[in-house]
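In what follows, a single structure is set out as structure tokens and then discussed.
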Amino acid sequence: MPDRMATLSQVFEAQAQKHGARAFLKDKPDKVWTDHSWTEISDAAGKLRAGLPSLGARPGDRVAILSDNCPEWIVVDQAVLGLGAIVVPLYTTSGLEETAHVINDSGAKIIAANGPEMIRKILGLGSSIPGLTAIIALHRGAESAPAADGTPAIVTLASVSGDAPAAIVEGSRDDLATIIYTSGTTGTPKGVMLSHGNLIANCEDSLAALALNHTDMTLSHLPIAHSFERTAGYYTVAMAGGTIAFAESLGQIAANLTEVEPTVVLTVPRLLEVIHSRVMRTVETSPPMRQRLFKMALAAGDQAAEYRHRGKPVPPLLALSMALFRRLVFARVRKIFGSRIRYLISGGAPLPTEINRFLSAAEIPIVEGYGLTEAAPVVACNLHNGKTRIGTVGLPLAHIQVEMAADGELLLRGPNIMKGYYKLEADTKEAIDEQGWLHTGDIAKIDVEGYISITDRKKEIIVLSGGKNVSPAYVEGKLVGDKFISQACVIGDRRKHLAALIVPDYENLVEFLADNNLDPKNPDALAKSPALKTLLHQRIREINKQLSDVEAIVGFTIIPQPFTQESGELTPSLKVRRKVVQAHFKEQIDSMFGD
């Protein structure tokens, strides 16, 4: 007999039985927060599970989900997992070509789509997805439609759901739960096969590390399709018996934070950079006395954080200063995240040290973590038990082994490591060696205490024509650390020197633009402005002083519009897709190098 708690659906059902009428999910579809109980979600998932076989779904089949975060995402996920089928998450921001690739490569025969726009996106793929047989429309007001002209039939969630919930099929931890496609920063997206056991093991380790419980609530704003949010922000919270509140949108996160008062928020560095930038801009426009007070508070907070991070008591005099600054200065910063925040967890990309130190000084409980989809995904994190080391991603989770390859690549082994890449045997053998070590593709350092520092992506290292190796991520981190630079993409592989594509931070440039009679609503003109170019040249020249000669930015081009997910230039975790950016701006890049 298989273990009663062998699958994610069995874990979820046990929690639903335990917590019943308590709120599991919260959303705000009509400008009012609505609670969805454990029983409600369990029943809805069971009824959909009962109806899925009528669409031809069987254990082992792949079912895709194309939806923003919402209760229906969870209902479909639990229905499919409980049937013994395999979930294939899709990003709503992916282009048509990438969406078609994932559907076809995975062999998904059914797709659950939320909203008329997502339905149109699937129908717009036409004959390019011949294996798809049905679309389940998740949104209110959706209407069924028969198959026509090579397009699959559309059925509503209500029409396909049965009258009574179907039982969860028995399974084992070794059963495949999901195929998550990589973000494609280094090539065509590959399907990462994760078993129920991979995900449960990662949840158990994360739960132990963070000590989450049924009183915790998250504000979910990263896409559940991303492995970070799916494992840490959904499955782990469910295993803890906590509550998940879905943010209305990125633009409403600030309001939603104060409305639901979460205890845990998973986020990416970009959002924290924006918050830091706005706080600093407010300080810079404050009276001189308030600016001096803020600087004094940050200096004291930075010192106090050093003691906390080492597990040492803060000296009495410093503690007294912090009591004052906590009330006069830091209370306003903390208020941004609500009064109950226990953990602000940053992942998906490196968190700039400056942002980490700022949050730590303000006593905002920031946890920087590291992971990758192939590891289900959490590998390491900086904990708040006197074991925080800013500049590292912390210590590995309990059941994860780490080792360094001869070339500096980080290797991992443990129960969370993927089963392999879907239909890519050669790639799987290249990624997981005969001893079971996953080759992460990340260049890292491990200090004597075991703390891991990620320095670069192995495949993204720039090799200059003179043979010198340069980390573009490191240089980009320095560039975007400047308050006038929002985004940067460093170029230079097989070239004599480095150059960069720069997106200005127009919010921080308001005063400069006004002083130079520049129209902030005309970014194309701004990109050609000699005054703006001179300013950025001065800023980059100062940044170059912090870099070695080979890391220095010799030339740059101002890009008027930000890199976006919609254009394919950013991954869902807001990392730059270097190859896509280089293709989109080939002419500008060539001109910087005189090609």
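Determine which member of the set ALA164, ALA177, ALA142 is assigned to a loop (DSSP other than H, G, I, E, B), small (Gly, Ala, Ser), touching a residue at least 60 places away in the same chain (Cβ under 8 Å) and more than 30 Å from ALA473 (Cβ to Cβ).
ALA164
Within the stretch 409-419, is even one residue on the phi < 0 side of the Ramachandran plot, at pLDDT 95 or above, of a type in the set (Val, Ile, Thr) and crowded, with 21+ Cβ neighbours inside 10 Å? So far as the stretch 409-419 goes, yes, one or more of its residues are on the phi < 0 side of the Ramachandran plot, at pLDDT 95 or above, of a type in the set (Val, Ile, Thr) and crowded, with 21+ Cβ neighbours inside 10 Å. Taking the stretch 25-48 as the range and being touching an Asp or Glu at 6+ places or on another chain (Cβ under 8 Å), farther than 21 Å from GLY171 by Cα and in contact (Cβ under 8 Å) with a residue 60 or more places away in the chain as the test, the residues that pass are LEU25, LYS26, LYS28, TRP33. Set side by side, the residues ALA444, ALA499 differ, and just one is in a strand (DSSP E or B) and either β-branched (Val, Ile, Thr) or touching a Phe, Trp or Tyr at 6+ places or on another chain (Cβ under 8 Å) (or both), which is ALA499.
Counting only residues that are under 24 Å from LEU532 (Cβ atoms) and either touching a Ser or Thr at 6+ places or on another chain (Cβ under 8 Å) or surrounded by fewer than 20 Cβ atoms within 10 Å (Cβ to Cβ) (or both), the stretch 552-573 holds 11 of them. Collect the residues in the stretch 19-45 that are within 27 Å of the chain's Cα centre (by Cα) and basic (Lys, Arg), keeping them in residue-number order. Hits for the stretch 19-45 are LYS26, LYS28, LYS31.
To keep it simple, each residue is scored yes or no on (1) of a type in the set (A, V, I, L, M, F, W, C); (2) touching a residue at least 24 places away in the same chain (Cβ under 8 Å); (3) closer than 30 Å to VAL510 by Cα.
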residue	(1), (2), (3)
VAL283	yes, no, yes
ALA297	yes, yes, yes
TYR307	no, no, no
VAL314	yes, no, no
ILE355	yes, yes, yes
LEU359	yes, yes, yes
PRO365	no, yes, no
GLU368	no, yes, no
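Residues in the stretch 389-408 that are surrounded by 14 or more Cβ atoms within 10 Å (Cβ to Cβ), part of a strand (DSSP E or B) and of a type outside the set (S, T, N, Q): ILE390, LEU395, PRO396, VAL402, MET404. Scanning the stretch 557-595 for residues that are within 19 Å of ALA499 (Cβ to Cβ) and within 18 Å of the chain's Cα centre (by Cα) returns PHE563, GLU569, VAL576, ARG577, ARG578.
For LEU344, are the conditions met, namely being out of contact with any strand residue (DSSP E or B) (no Cβ under 6 Å at 6 or more places or on another chain) and surrounded by fewer than 22 Cβ atoms within 10 Å (Cβ to Cβ)? Break it down into steps so the answer makes sense when it comes.
On the way: out of contact with any strand residue (DSSP E or B) (no Cβ under 6 Å at 6 or more places or on another chain): no; surrounded by fewer than 22 Cβ atoms within 10 Å (Cβ to Cβ): yes.
No.
The values are calculated or read from the model by the stated rules, or taken from the named source; none is laboratory data. Just so it is clear, the structure is predicted and the values come from calculations on it, not from any experiment. With ideal geometry, Cβ positions are generated from the backbone for all residues, glycine too; neighbour counts draw on all protein chains shown.
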